[in-house]
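Undergrad: Just passing along the structure, written as structure tokens.
What follows draws every value from the coordinates through simple rules; no lab data is involved. The structure presented is a predicted model; accordingly, all values stated were derived computationally and were not measured. Don't worry about glycine lacking a Cβ; one is built from the backbone with ideal geometry, like all the others, and counts go over all protein chains shown.
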Amino acid sequence: MDSLELNKSKYFVSNIKNILHKKLILEKPLTKDEVKKLNLVNPPVYENEKYLIQERWFYSINIGEWEDVEIFIQGNNENPDVEIIEMAEKIFDELHLHISRALKYLQEFFPNQEMKNYYLSTICFGKMVNFDDYIFSGFSLAFIFDGHFEFQYKVKFKEDGWPIGFEGGPF
């Protein structure tokens, strides 16, 4: 991926409406026993935070040259949020533009990193919090940068597709 102008047909997901309406799977938190078995350094405190966390629905798809890109949609225990699904459908119609915009955005901040080393890993849709604690509807594209060290960068967008910032750090 040397050019940041992406071909729409390569990044078009033809069955996205079927996936968003029929194939999403409810993400389940780990049980206390599963957490103990994993022996995590910082185990999740789901019991204390469960009222603050939105349930998420997910599915894994191939997009362009990237395999197993995870798609997350916020919702509740019974269904993904209909408004969030509608937003996701609109975003997927222009996904190539959003991916291109995200990569250009990252290139502005990290000009020495080669674009071919970015791997799209996750697309999340739902309510997000900006750095100033403003809650908005939007989506994020998370990329793993595979260079000398691995980093993950998440570019956040408002619902209208405008990028509003990114987060990043070692993977």
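Undergrad: Taking the Cβ of each residue in F139, F92 as the centre, tally the other Cβ atoms inside 10 Å and list the residues starting with the fewest.
TA: F92, F139
Undergrad: Here is a further query. Using the number of other C-beta atoms within 10 angstrom as an exposure proxy, rank Y59, Y134 with the fewest first.
TA: Y134, Y59
Undergrad: Under a GNM of the chain (C-alpha, springs under 10 Å), which listed residue has the highest mean-square fluctuation: E34, E67, E55?
TA: Among E34, E67, E55, the largest GNM mean-square fluctuation belongs to E34.
Undergrad: Something else about it: At 222 nm, what helix-only mean residue ellipticity would the chain give, in deg cm²/dmol to the nearest 500, using -39500 (n - 2.57) for each DSSP H run of four or more?
TA: -6500 deg cm²/dmol
Undergrad: Here is the link list: K104/K156; K10/K116; K17/K104. Which ones come out longer than 19 Å on Cα distance?
TA: K17/K104
Undergrad: Let me ask you something else. Using only Cα atoms, tell me the angle between helix 95-109 and the longest principal axis of the chain; keep it within 0 to 90° and round to the nearest 10.
TA: Value to nearest ten degrees: 80.
Undergrad: Kirkwood Rh over alpha-carbon pairs of the chain, then Stokes-Einstein at 10 °C and 1.306 mPa s: what D in µm² s⁻¹, rounded to an integer?
TA: Translational D for this selection: 92 µm²/s.
Undergrad: Give me the angle, in degrees from 0 to 90, between the Cα long axis of helix 82-93 and the longest principal axis of the Cα atoms of the chain, rounded to the nearest 10.
TA: For 82-93 against the chain, the angle is about 20 degrees.
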